[in-house]
1. Out of (1) closer than 24 Å to ARG560 by Cα; (2) surrounded by fewer than 18 Cβ atoms within 10 Å (Cβ to Cβ); (3) among the hydrophobic types (A, V, I, L, M, F, W, C), the odd one out for PHE433 is which?
2. Within the range 544-582, how many residues are within 34 Å of the chain's Cα centre (by Cα), farther than 14 Å from ALA510 by Cα and in a helix (DSSP H, G or I)?
3. Taking the range 25-41 as the region of interest, how many residues are assigned to a helix (DSSP H, G or I), surrounded by 20 or more Cβ atoms within 10 Å (Cβ to Cβ) and not hydrophobic (A, V, I, L, M, F, W, C)?
4. Would you check which residues across the range 496-512 are out of contact with any Ser or Thr (no Cβ under 6 Å at 6 or more places or on another chain) and not in a loop (DSSP other than H, G, I, E, B) and list them?
5. Of the conditions (1) surrounded by fewer than 21 Cβ atoms within 10 Å (Cβ to Cβ); (2) at pLDDT 90 or above, PRO157 clears all except one; give me its number.
6. Quick one: in the range 44-58, of everything that is assigned to a strand (DSSP E or B) and under 26 Å from the mean Cα position of the chain (by Cα), which residue is nearest to GLY70 (Cα to Cα)?
7. What are the residues in the range 388-412 that are hydroxyl-bearing (Ser, Thr, Tyr) and over 25 Å from ILE242 (Cβ atoms), if any?
Amino acid sequence: MAETLVAAIVQARMGSSRLPGKVLMPLAGKPVLWHVIHRLRKCRRVQRIVIATSDRTSDDPLAEFACAQGVELVRGPEDNVLQRFALAARQIAPDVMVRVTGDAPLIDPVTLDLFISRLTSENADYCTSDPSSPRVIHEGFCTFTRTAFERLLQEAPDDPAAREHITAYFKEHPESYQIAYQPKDPRHVFEGARLSVDTPADLQFLETIYQRLNAAPGEAAVADVVSLLRKQPELLCINGHIHQKQARERTRRILVRCDGDEQIGLGHVVRSIALADELRERHGFGVTFAMATGRVGREMVEQSGFPIEIKPKQAEETKWIKEIFARQPTDALILDIRTALPPEALQKYRQQGILVVAIDDTSERRREADLVFFPPIPQLEQMDWTGFSGKIFVGLQYVLLRRDFAGPVPDPGNTLPKVLVSMGASDPAGLVFKVIDALEALREEFQPTIVVGRAFNQRQALAERMTRVHRSYDIRENVEDMAALMAEADLAVASFGMTVYELAATAVPAVVICLTIDHALSARTLARAGSIVNLGVHEHLRPEEIASAVRELLNNRAQRREMRERARQHRLAEGRRRVAEEIAHSLESRP
């Protein structure tokens, strides 16, 4: 009797909607897909391994990977996994097929062998875990016969779940297919852990698992992972918030248009990333950025794992965005810009069925958007909203901050007060020098820390100024955990913008300097609430006035404590979640 031929078919592509290129990203020093292949080779029942990817040039790196790893390869339509599996079935002609996802690096070889044995011994069409018992932690594979697969090709070639997930159709039609159920290994029973890679947080979680287990690449045993998580359940917080997409859930695609450079700062980029991260992780949306200027801003977006469409220098913006829409279907366009994109363009986008969202946009574009979000700024009272048919959301509860600023912050409890100086990512007006002059005039004892942003281009001048000071300054560049640094401060001197809202979220009393009249007006809300001291526009401000404001707070601990309590009442940490939920709700309510 001929031996049953078993082929593991690994579906993988570089164009993931939530984390492009994830299957070749490093985990414990090896690509995620390497882990998958390594563990499949430990299976005794699997004789052939094939990577099934798309025929797009963007997936050529996967073809090169397959060649380097000595595994077989098939290439087919990017948007039809079912057809790629059909090509693999014709190429190998297996008796049993194993569907393997290329983003699940902790496949358990022993369990997979048991699935194959159960499938063949019961002469079933499909084998899965026993649904009557608690959930197990392992994921990323399932087994079925080629005969059942050929039936699926005939019965449901256009079914969306079958085209993308293959075996979802078997589970949805138990009356038509013989399903075998494999008992679960009690050592693998665990609820609430994600072991597949869909976002940077998932990759961070798995990297932490490998570090805590001190395991070699590809050798983290599932039973050991369960044991670790039972002892250290706090690890689940790393990616426990990630939305798990269901088989028939449609992926929404979002285009975020923003810029950030030395002139306009990086606030637009920072808050756009915060919103994009929330849409990706809690709602399962695929997000692409469209950017024109700013090398540093683009680097920040790339480091966050989002793909970027870069505007050609001579391209007209309206035409460029139209070309992006032609290449990739888009459900929503989020605008956080100060460009000349005309309101008429937004009308056309809406006519195409695209949800248009404007973030803190005081231009005429706001009247053509579906959703408009503003912090509480007095300027809104003077604006003409004639013809506006969308929804407007105004308040501190809609300010977009990074997830780092979501937790409660205790008082720092420093013996010697710490004063944090942060003039934003670029500080185009060189306000840091005026602040240094102010701090140098003070006789009070304190520890000053100056944060130098990524786009700050006066480093040499700052270094020279540091040779002529009588205090010891702690200069911090490219700070990764700004929330933690702010939480250590007793008070801050800051330029109005995202930094001031971040300081309020961490309950740090702040003396605020403004670049423009608009900023000075916007800062009034926090000043009236009692959480900041607003000194107005910098051009009319002398170092002595800054020094006076800092001196008063240094010498008045009760006032600082009162300002902290006022800041905590703003509940700024909720903005990212609220804005994302409004966008998701608007998309869901559309036909």
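1. (1)
2. Selection size over the range 544-582: 11.
3. Final tally of qualifying residues: 2.
4. MET498, VAL500, TYR501, GLU502, LEU503, ALA505, ALA510, VAL511, VAL512
5. Just one mismatch for PRO157, condition (2).
6. Residue satisfying both the conditions and the ranking: THR53.
7. SER389
For every residue, the table says whether it meets (1) over 20 Å from PHE144 (Cα atoms); (2) aromatic (Phe, Trp, Tyr); (3) surrounded by fewer than 16 Cβ atoms within 10 Å (Cβ to Cβ).
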residue	(1), (2), (3)
MET14	yes, no, no
VAL23	yes, no, no
CYS43	no, no, no
VAL50	no, no, no
ASP55	yes, no, yes
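The values are calculated or read from the model by the stated rules, or taken from the named source; none is laboratory data. Keep in mind that this is a model prediction, so the values were computed, not measured. Ideal geometry is used to build each Cβ from the backbone, glycine not excepted, and the neighbour counts take in all protein chains shown.
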